[in-house]
Every structure is written in C-alpha cells, then in structure tokens.
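Have a look at the structure below, then the notes.
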Amino acid sequence: MHSWRCYFSRLMRLSVRWFRLCPHQRQGKHFRSIRQLWSYRKVLLNSLYFNILTNWDTVLDSIFEPIYWLVDNLTRWFGVVFVCLVISLTSSVVLIVYLYVLPLIVHTYPTHWVLWHLCYGHWNVVNVVFHYYRAVTTSPGNSPQEKADFPTVTICKKCIVPKPARTHHCSICNTCVLKMDHHCPWLNNCVGHFNHRYFFSFCLYMTMGCIYCSISAKDMFLDAYNAIESYYQTPPPYFTSEEKFFHKSLLYLWVLTSSVAVALGGLTIWHAVLITRGETSVERHINRKERKRRKQIGKAFRNPYHQGAINNWKILFGVEKSSHWITRVLLPSSHPPHGDGITWDCPPHKHQAMDTI
Ligand SMILES: [Zn+2]
Ligand SMILES: [Zn+2]
C-alpha cells in the first residue's frame with residue numbers, strides 16, 4: 001500500500017513538472033517520463049505477487065483460499081448445531097423411555113427382568129453422557145509450538161511448527177493435532193491422542209443404547225404402528241390426543257434408535273477395525289498408498305505403530321492390569337492415555353521386517 005501511495009504521489013509530481021515545461025522541452029521529456037512511470041509500475045506490480053517459489057499449485061491454492069475459508073468456517077459453525085442436535089435427540093429418547101417404556105416394563109415384566117432393565121439402562125446412559133461430554137470438552141492435543149528436543153517428521157506449512165510422528169494439520173481447528181484421527185462435526189472437535197478413547201467409547205455405548213432401545217420398544221412400536229395405521233374397510237378407532245402422542249412418540253423412538261444403531265454401528269465397527277490394526281483414519285489412507293508403493297518395488301510394508309491386536313486395545317483403553325477392563329472400560333474413567341502423543345515406541349521386530357515380503 002505504501003508503494004502504491006509513493007507511485008501516485010510520484011505520478012502527480014511528474015505531471016506538474018511536465019506541464020511547467022515549454023512545448024519543445026515537453027516532447028523529449030514526455031516519452032522519458034511515461035517510460036519511467038511504466039517501468040516503475042511494472043516493478044510495483046511484480047513486487048505485489050512475485051515469489052521465486054510460485055507455481056500453478058500455489059496460484060490455484062490462493063484462488064481457492066476464500067472457498068476453503070468459507071467451508072472450514074461453515075463446518076465449525078455447523079459443529080455447534082450438530083452438538084445441540086445430539087444433545088436434544090438423546091434427551092428426547094431418554095425422556096420417552098422414562099415416560100413410556102420403563103413404566104410398562106416395571107408393570108408387566110418379572111422382577112429379575114425389571115432389575116436388569118433398570119441396571120443396564122442406567123449404566124448405558126451414564127456411559128453415553130460421560131464419554132460424549134469428555135469427547136467434546138477434551139482437547140485432542142496439539143503440536144508443541146516451540147522447537148523442543150523431540151523427533152519430528154516434518155514442518156507444518158500452515159502453523160510453521162515441527163510436526164511429531166502421527167500429527168496432522170486440521171484446517172477446521174486451524175492447528176496441528178497429535179495422533180489425529182479425523183475432525184468430527186458431531187463433537188465439534190478433532191479426534192486425536194487425548195480424546196480418542198472417549199470418542200470410541202461414546203460411539204460404542206451410543207450404539208449399544210440404540211440397539212437396547214430398539215429391541216426393548218419393538219413390541220410397543222408394533223402396537224403403536226398398528227394403532228395409527230389407516231383402516232380401509234372399517235372406520236378407525238377413536239384415540240385421545242394423549243394416546244396419539246404416545247403412539248407417535250414410540251414411532252419416533254423406534255425409527256430414530258434403529259437408524260442410529262445401523263449408521264453408528266457401522267462407524268463403530270470401522271473404528272474397531274482401525275484400532276485393531278493400530279491405525280488412525282488418516283494413517284489408513286497413508287499406509288494403503290505406502291503398502292502399494294513398496295509392493296511395486298518388491299518390499300513389504302509394516303505399520304510401525306501396530307503393537308498386536310490385543311495390545312492396541314490395551315493401549316487405547318489404558319489397560320495395565322485385568323481389573324482395568326472393568327474400572328477403565330466398563331465404568332466411566334478420566335485416566336490419561338498411554339504416552340504423550342509426541343514420541344512413539346515402535347516394537348523392535350517391526351524394524352527388522354520392513355524389507356522383506
Ligand atoms: Zn498445522
Ligand atoms: Zn479439527
């Protein structure tokens with residue numbers, strides 16, 4: 001901006017000087033001044049965008065930058081809407097269960113089944129609420145901002161900080177995330193090293209809860225569906241507005257929980273496969289490419305972070321002794337994950353087997 005101000009003030013000065021000259025003097029100076037101004041303008045223009053490292057990728061990135069910015073901001077904004085949606089839908093389902101499903105179970109089922117439903121239902125809902133709250137509010141962990149003594153893989157081009165292994169940049173959070181899995185709009189947060197366990201446990205308990213509601217309310221759903229079904233040969237029975245609300249609530253409960261059980265169940269199975277293989281969602285793509293590349297040159301690829309299927313699960317849940325399967329997996333627990341997310345232990349046998357199929 002400063003250069004352009006100089007340019008215009010210089011243009012004004014030259015114009016004033018040119019008009020003060022005699023006509024015969026003007027002719028010679030005229031072309032010289034215009035030529036000078038033209039070359040000065042060219043230098044100024046070049047100074048605005050010239051970069052020795054510029055290529056077409058950089059130019060395209062710069063052109064699309066406003067679109068990326070818009071998409072990232074919209075995703076961040078939609079994240080808040082999605083979190084409100086999860087809270088309101090879950091609350092509505094719990095409310096319908098308390099209002100209609102549990103009273104029917106308590107009045108019609110034998111005592112041992114009533115106890116089982118009360119214990120299981122409450123254990124499940126406590127785990128869903130706890131893990132969702134922790135997944136949303138726990139920071140996934142960010143790359144250290146100052147250069148420290150830790151092994152780095154590369155430098156983040158956007159944050160300009162060293163990236164430890166398994167760290168990736170999230171353009172929505174606009175920061176580098178340790179052991180980044182993905183950015184989850186339903187949490188409005190990235191899933192990374194420090195909240196991966198909360199995310200997976202939430203998915204698991206939510207799926208289990210939806211399956212439980214779907215199975216428990218199946219008979220009530222069928223009764224409600226038959227009650228509001230259109231009668232073509234006989235006139236429909238009369239229902240009070242309270243009964244109609246009861247039928248619609250059960251339809252809503254069953255359709256919502258069954259759909260979420262299928263969709264979230266699929267996602268949970270997918271993440272369970274990734275955890276068993278010792279990979280994150282980002283590493284899944286990177287490792288697949290690397291596996292293909294090494295196969296072409298006759299070499300095998302082994303994931304350096306795969307510690308064995310059972311060990312991968314123990315590391316994720318922080319299980320160090322048998323009782324932890326109950327206290328740290330089945331019950332809500334706030335223990336921190338294994339390691340700092342910056343340095344990673346690789347099993348020794350993984351290094352040996354890298355060059356052979
Ligand atoms: Zn970054
Ligand atoms: Zn993110």
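The values are calculated or read from the model by the stated rules, or taken from the named source; none is laboratory data. Worth saying up front: this structure is predicted, and the values here are computed from it rather than measured. In this analysis, Cβ positions are derived from the backbone assuming ideal geometry, glycine residues included, and neighbour counts consider all displayed protein chains.
Give all pairs with beta carbons closer than 8 Å in which a residue from region 112-126 that is of a type outside the set (S, T, N, Q) meets a residue that is surrounded by 15 or more Cβ atoms within 10 Å (Cβ to Cβ) and not in a helix (DSSP H, G or I); count only pairs at least 6 apart in sequence or on separate chains.
What qualifies is 126/332.
Could you check region 110-139 and list, in sequence order, the residues that are out of contact with any helix residue (DSSP H, G or I) (no Cβ under 9 Å at 6 or more places or on another chain) and of a type in the set (Gly, Ala, Ser)?
Result: 139, single match.
Please state which one of 75, 54 is surrounded by 14 or more Cβ atoms within 10 Å (Cβ to Cβ), modelled with pLDDT under 95 and more than 16 Å from ligand 1 (Cβ to nearest atom).
Residue meeting the stated conditions: 75.
Quick check on my filter: what residues within region 284-312 are assigned to a helix (DSSP H, G or I), closer than 23 Å to residue 164 by Cβ and in contact (Cβ under 8 Å) with a residue 12 or more places away in the chain?
287, 312
Could we say that residue 246 is within 16 Å of ligand 2 (Cβ to nearest atom) and farther than 28 Å from residue 61 by Cβ here?
No.
From the list 238, 252, which one is exposed (fewer than 12 other Cβ atoms within 10 Å of the Cβ) and either under 30 Å from residue 132 (Cα atoms) or modelled with pLDDT under 95 (or both)?
238 is the lone residue from the list that is exposed (fewer than 12 other Cβ atoms within 10 Å of the Cβ) and either under 30 Å from residue 132 (Cα atoms) or modelled with pLDDT under 95 (or both).
Taking the conditions exactly as written (touching a helix residue (DSSP H, G or I) at 6+ places or on another chain (Cβ under 7 Å), within 21 Å of residue 83 (Cβ to Cβ) and away from ligand 2 (no atom under 13 Å from the Cβ)), does residue 204 satisfy them or not?
Taking the combined requirement at face value, the residue satisfies it.
Can you spot a residue in region 292-314 that is aromatic (Phe, Trp, Tyr), within 23 Å of residue 102 (Cβ to Cβ), surrounded by 14 or more Cβ atoms within 10 Å (Cβ to Cβ) and out of contact with any His (no Cβ under 7 Å at 6 or more places or on another chain)?
No, region 292-314 contains no residue that is aromatic (Phe, Trp, Tyr), within 23 Å of residue 102 (Cβ to Cβ), surrounded by 14 or more Cβ atoms within 10 Å (Cβ to Cβ) and out of contact with any His (no Cβ under 7 Å at 6 or more places or on another chain).
Please give the number of the condition residue 69 fails out of (1) among the aromatic types (Phe, Trp, Tyr); (2) within 16 Å of ligand 1 (Cβ to nearest atom); (3) within 22 Å of residue 204 (Cα to Cα).
(3) is the only condition that residue 69 fails.
Please identify the pairs in which a residue from region 167-182 that is hydroxyl-bearing (Ser, Thr, Tyr) has its Cβ atom under 6 Å from the Cβ atom of a residue that is near ligand 1 (Cβ under 8 Å from one of its atoms), counting only partners at least 6 apart or on another chain.
167/143; 167/176
Of the residues 251, 204, 222, which single one is within 30 Å of residue 139 (Cα to Cα) and aliphatic (A, V, I, L, M)?
Checking each option against the conditions leaves just 204.
Could you tell me whether residue 122 is surrounded by fewer than 21 Cβ atoms within 10 Å (Cβ to Cβ) and more than 11 Å from ligand 1 (Cβ to nearest atom)?
Taking the combined requirement at face value, the residue satisfies it.
In region 162-190, what residues are of a type in the set (A, V, I, L, M), more than 9 Å from ligand 2 (Cβ to nearest atom) and buried (at least 19 other Cβ atoms within 10 Å of the Cβ)?
Across region 162-190, the qualifying residues are 178, 187.
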